[in-house]
Each structure stands twice: as structure tokens, then as C-alpha cells.
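Take a look at the structure below.
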Amino acid sequence: MENTLLELRGVTKRFGDATALAETSLSIHEGSFVAIVGPSGCGKSTLFNVIAGLLAPDGGEVRLQGELVTGATGHVGYMLQKDLLVPWRTVEDNITMAARLTRRVTSADRAEARRVATEYGLGDFLRHYPRALSGGMRQRVAFMRTLVTHQPLLLLDEPFGALDAQTRLDMQQWLLQVWRDTGRTVLFITHDVDESLFLSDRVLVMSPRPGRVVADITNPLARPRDMETLTDPAFIELKSRIMHLLHGGAS
Amino acid sequence: MTRKLLRNVGVPVLSLLLLLALWQGIVVGFNVAPYVAPRPWEAILSVTQNWSTIWPLALGTIRETVYGFLIGALLGVFLGVVMAKIPVLQRSVYPVLVLSQAVPIIALASPLVLILGFSITPKIVIVAWIVFFPVTVNVVDGLSHVDPDLINLARVYGAPRWRTFVHIEMPATTTPLFSGLKIGATYAVTGAVIGELAASEGSSLALYQEHANSNLNAAAVYGTTMVMTAIGISWFLLVVATEVAATPWQRRSVARHYPWRRARSEASAATSIVSSLSKGES
Ligand SMILES: Nc1ncnc2c1ncn2[C@@H]1O[C@H](COP(=O)(O)OP(=O)(O)O)[C@@H](O)[C@H]1O
Ligand SMILES: [Mg+2]
């Protein structure tokens, strides 16, 4: 699968005098899992907001499957650290939220929500309100809500950032399973280098002032990955290289 | 369940009884003359004995309270939504609304009766005048505090603004909306009574009380006050009950089975069975 799904050409974004995103070009292959790491404030979320169409870039263009989508919305799945589940809807109704917000929710939408929830371990919670769920379960529901939009590209902005270490590990493995099953393309922001390496095929390293991609690293670690991966010499080496990029300046 | 019922109903009833006991204690203890302040029991008796006179009057007050409240609530929501959505209106209309509440409502009642006559209309206007304001303030506040990330999420999905409003912004404002409605409900009956007092003609609960007052019939004065208070409390409780019914997610972990959703519930029960079966295998 070497088809390009997403292509950015010379995208820039300023807030007043500050350049949040310096000229950025990249292309993302269909079906790949690309992690973006970088310190807080380096423009990772800004990059996502431009891709999602929430922000119009000051320059450059965004193409999805060859089609120009710069500044337009409605073409990606999008998930944040905050689960953004609405407390007044059940799990099932939260999963079908995108449909509700764009058209009438059909019985097919509901059936799919139930199928996905059942398949990925939340079948017993379909009629629960979000308040009854743990943090990890809530993020799963948020991810399912993103999944059933049927967008080929999923933008995940530090989705597990608020979870405890154990839950986060579970969620990472869970996410890899869903990604394998569904064949979506994932862009995944994190500031956790371990997480970026554990999940991705490719790591983009960003640096601040001005925000830009300073390294584009292919992740050769074999799949499926497990606890062993975290102690693999190749993993350690890549990790130290990225740590250097993040904390030790250039090269 | 019974414990909860005991706490939710028993405790308020108990404090009410204590209040009556305190009243009785003071009146008896200080030997207060019956034409100054009656015993609670006399006040209650004066209501029950004159029930056939009082009930139609109370019905009038209830009607004014309810109509005024509903109109005020609708107006309040409408103004709140419009002001939250149109910043120019918020800046220009908000001060006028504050002004409307600074005018002493009693000073407003007589001119309103002059303009609108001795009908039910001026009373409804006064009640609505009082009720709309807390509703508007809370709706504006609620709408402007909806999580912007949630609204952005809807935008990412490509949601049109009206759907975002219906499915995200309005439900997110439920709690402040009901806060406004509850405040309005508390004051509604006061507005109705002020309106009745301002209209010196016709028959009404407030005028019945005035009449009792000029006859030095303290039992009837206090009894009528109790009726008015009961109307106010009942209406408040009805609003609270509506809130409870409208916001099951605030108390329940699992959604209730609604008959009109039975088909869906059965389907989800089926998937639960499937999932528990597949779990059993692994
Ligand atoms: N809406 C905005 N208005 C002004 N400045 C912003 C806005 N959004 C982000 N910024 C600034 O742009 C920079 C990048 O922010 P962001 O993309 O959120 O960083 P990250 O997600 O990598 O932590 C930061 O310096 C931030 O303060
Ligand atoms: Mg961010």
C-alpha cells in the first residue's frame, strides 16, 4: 500500500507574530501509522487543526486522496486527550454522534455502533452513560466514535495522555489491534517517545520556535509488538536518537 | 429505596412540622392575641372551612402563575439563545433587560393594570416579567460556556451549525437552564399576587386576604398566605420533577428501557449475549 492518502505542501500557520507552524510538507501513505513527537507548544495540535480544517493555513495546501481540502472540514476522524463524550448520551448514542451531527441516525448506524462496541470489549456498556465508565473505557468509546465516521484518516492528538501507565499500555495494544483490523491511516501525536515507537511505522519529530518537522524516521521494529519490543536494542537506539533530537538540539 | 424516600420526603415534612411547632410555641408562649397572629391550626382550619371560596380563587392564582411562568420561560430561553448567538444583541439588549429588573415590580403593577385592565393579562405579564430574567441570564451563561473543543469536534465532522446547536449546545445548557427555571418558579407566585393586589377590582386570592386583613381575621390572613406558599412550592417541585425526568444521566449509570425504544434495547441485549458468549469461549 504505497498510495499517498494525505499530502501537505508548504503549509504555514502564524498566530499574530508567532509562527506556530513553519513551512511544512509531508505525505502520508495509506494504511500507515505515523507518530508525531515534539515538546509541548511546538505546533503539533496546530498541524492537526490545519489538516482537519479547523484552522485555515496562512500558506500552502492540504490534499486528501489527491483532492484539495485546505480549510474545509468533514474529511477526517479526530480525537483528543479529552474524550469529549457528552454526558447526556449513552455509550451507543455517543458512538453514533457524528451521524447525529450530520444527518439522521439510522438503524444501520446503531447496529454498527453495537457491533464495534461488542467487538472491542464494550458490548456490556452500550446503555451506560459515560459517567459510569473508567478513563480507559471512555477513551475507547471516543475512539469508536471516531472509527464509525468511516474517514480513512484518523487524527489522534495525545489520546492516551491522561491515562495511567498501565491503562495506557492496554490502550496502545488495543489501538494496534483495531488499526490492524480496520486498515485505517493513523496520525498520532504524543510527547512520549516510547509510545511513538511502540505504535508507529514512522516517526516525525517536531521542534518549536518555529514549529517544524526536524526528522522523519522510519520505524523498522517488527510487528506484532509486545513488552519485548520495549527492550529491543533497535528500540533503545531509536529512542536515544529521538531523545537527542528533542533535547540535544540538531543532528 | 425506602431510605431514600424517607430522606427526600420525610426530612422536608419533618422540618415543616417543626416550623409549625415553633409557630405554635411562640404564639402560645408569648401569649399573642389571636387577632395579631393565629395558632397554626386555626389558620389551617380557616382554609379548610372556606375551601369552596378559596379553591376557585387559588385556581385563578395557579393559572396566572403557570401561564406567566410558561410564557416567561419561553421568552427567557428565546432571548438567551438570541443574545448568546448574536453578540451585537447581547451588548445592546442585555442592559435593557437588567434595567427591566431594576424597576420595582410593585411600581410597575398599577400602570400595567391601567393599560391591560382587570383581566388575567397584567398578572401573566408580571409573572413572565419576573420569570424570564433568571432564565435568560442562565441560558446565555450556559451557551457561552459550552466546551469549545466539543464544538470543534462537531465542526470536524462537518456538522451544520443548527445540528451542533440542537445536539451539543442546547443539551449542554440543561443544568443552567433548570437553575434559571427553578429561580423563576420560586418567584412566580409572588408576581401573581402582586398583580392581584394591583387590580383592586374582581375577586382573587390576594384581595380575599386583604379583605380578611381589614376584618382583623388573622387566621384567614395566615391561611391564605399558606395557600399562596403551597402554590409556589408545588410549582417549584413540579419544575424540579421535570428536571429529574429530563436528565436521567445525572443520577443513573445505565439508561432506562423506554417502551418506544424497545426494539433497540432488545437488539443491544442480543449483542450483550453474543459478547458474553464470546468471552466465555476465550
Ligand atoms: N488559537 C491560538 N491562538 C494563538 N496562539 C495559539 C493558538 N493555538 C496555538 N497557539 C500557539 O501556537 C503554538 C503551538 O501550539 P500547539 O499547536 O497547541 O502546540 P502543541 O500541540 O505541540 O503543544 C503555541 O505557542 C501556542 O501558544
Ligand atoms: Mg497539543
Legend entry - Net charge contributed by nearby residues that have their C-beta within less than 13 Å of B:Ala192 (K/R +1, D/E -1): 0
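Please list B:Arg251, A:Arg110, B:Arg39 in order of solvent-accessible area, largest first, computed with a 1.4 Å probe with all protein chains present.
On the way: B:Arg251 115, A:Arg110 55, B:Arg39 80 Å².
The residues order as B:Arg251, B:Arg39, A:Arg110, largest area first.
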Inset, instruction - Note the angle between two axes, namely the Cα long axis of helix B:51-85 and the longest principal axis of the Cα atoms of chain B, as a number of degrees from 0 to 90, rounded to the nearest 10. - result: 40
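Going by the alpha-carbon gyration tensor, a ≥ b ≥ c the square roots of its eigenvalues, is the stretch A:55-111 rounded (a/c under 1.5) or, if a/c is not under 1.5, prolate (a/b greater than b/c) versus oblate? Provide the component values of the computation, followed by the final result.
Numbers: a/c = 3.30, a/b = 1.89, b/c = 1.75.
In terms of gyration-tensor shape, prolate.
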Legend entry - Distant-in-sequence amide H partners of A:Gly59 (H built 1.01 Å from N, under 5 Å): A:Thr12
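Calculate, for the stretch A:79-150, the solvent-accessible area per residue in square angstrom, rolling a 1.4 angstrom probe over the heavy atoms of the protein chains.
Working: 2490 Å² over 72 residues.
Here the residues of the stretch A:79-150 average 35 Å² of exposed surface.
Mean projection of the alpha-carbon convex hull of the protein assembly as shown over all orientations, in nm²?
Values: hull surface 137.0 nm².
Projected area, direction-averaged: 34.3 nm².
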Inset, instruction - For helix B:105-116, report the angle its Cα long axis makes with the longest principal axis of the Cα atoms of chain B; keep it between 0 and 90° and round to the nearest 10°. - result: 90
Inset, instruction - Mind running the shape call on chain A? Use the C-alpha gyration tensor, a ≥ b ≥ c as the square roots of the eigenvalues: rounded below 1.5 for a/c, prolate if a/b tops b/c, oblate otherwise. - result: oblate
Inset, instruction - Calculate the length of the line joining the C-alpha centroid of the stretch A:163-226 to that of the stretch B:118-186, in whole Å. - result: 42
Legend entry - Area accessible to solvent at A:His150, 1.4 Å probe radius, in Å²: 110
Inset, instruction - Compare A:Phe125, B:Phe132 by solvent-accessible area with a 1.4 Å probe and give them largest first, with all protein chains kept in place. - result: A:Phe125, B:Phe132
Inset, instruction - Can you sort B:Val166, A:Val116 by 1.4 Å-probe accessible area, starting with the largest? - result: B:Val166, A:Val116
Inset, instruction - Answer rounded, prolate or oblate for the stretch B:24-162, using the Cα gyration tensor with square roots of eigenvalues a ≥ b ≥ c: rounded when a/c is under 1.5, else prolate when a/b is larger than b/c, else oblate. - result: prolate
Inset, instruction - Please give the helix A:165-182 orientation as an angle from the longest Cα principal axis of chain A, in degrees from 0 to 90, rounded to the nearest 10. - result: 80
Inset, instruction - Quick one: which residues, 5+ away or cross-chain, put their amide H under 5 Å from the amide H of A:Ala20? H built at 1.01 Å from N. - result: A:Lys13, A:Arg14, A:Phe15
Inset, instruction - For chain B, restrict the atom set to alpha-carbon positions and state the Rg and Dmax in Å. - result: 24.8, 85
Legend entry - Rounded accessible area of B:Trp51 (nearest 10 Å², 1.4 Å probe): 120
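What does the helix-only formula give at 222 nm for chain A: each DSSP H stretch with n ≥ 4 adding -39500 (n - 2.57), the total divided by the residues, and the result rounded to the nearest 500 deg cm²/dmol?
Details: 8 runs with 86 residues, N = 251.
Dividing the helical sum by the residues of chain A leaves -10500 deg cm²/dmol.
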Inset, instruction - Calculate one ³J(HN,Hα) per residue across the stretch A:71-83 by plugging θ = phi - 60° into the Karplus curve 6.51 cos²θ - 1.76 cosθ + 1.60, and present them in order as whole Hz with x for glycine and proline. - result: x, 9, 10, x, 10, 9, x, 8, 9, 10, 4, 6, 6
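In Å², rounded to the nearest 100, what is the total accessible surface buried by chains A and B against each other with a 1.4 Å probe?
Numbers: alone 12030 and 17630 Å², together 26300 Å².
It comes to approximately 3400 Å² buried between A and B.
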Inset, instruction - Roll a 1.4 Å probe over the protein heavy atoms and report the accessible area of A:Ile217 in Å², nearest 10. - result: 10
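Ignoring everything except DSSP H segments at least 4 long, calculate the 222 nm mean residue ellipticity for chain B; use -39,500 (n - 2.57) per segment, divide by total residues, nearest 500. Walk me through the numbers on the way to the answer.
Working: 13 runs with 218 residues, N = 282.
Value at 222 nm, helices only: -26000 deg cm²/dmol.
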Inset, instruction - Work out the P(r) tail for the stretch B:158-265: percent of alpha carbon pairs separated by more than 19 Å, whole number. - result: 65
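The values are calculated or read from the model by the stated rules, or taken from the named source; none is laboratory data. In this text the structure is predicted, and so the values were computed from the model without any measurement. Here Cβ is always computed from backbone atoms with ideal geometry, including for glycine, and neighbour counts include all displayed protein chains. Heads up: the accessible areas ignore ligands, DNA and RNA and are worked out on the full protein's heavy atoms, side chains in. Shrake-Rupley method; radii C 1.70, N 1.55, O 1.52, S 1.80 Å.
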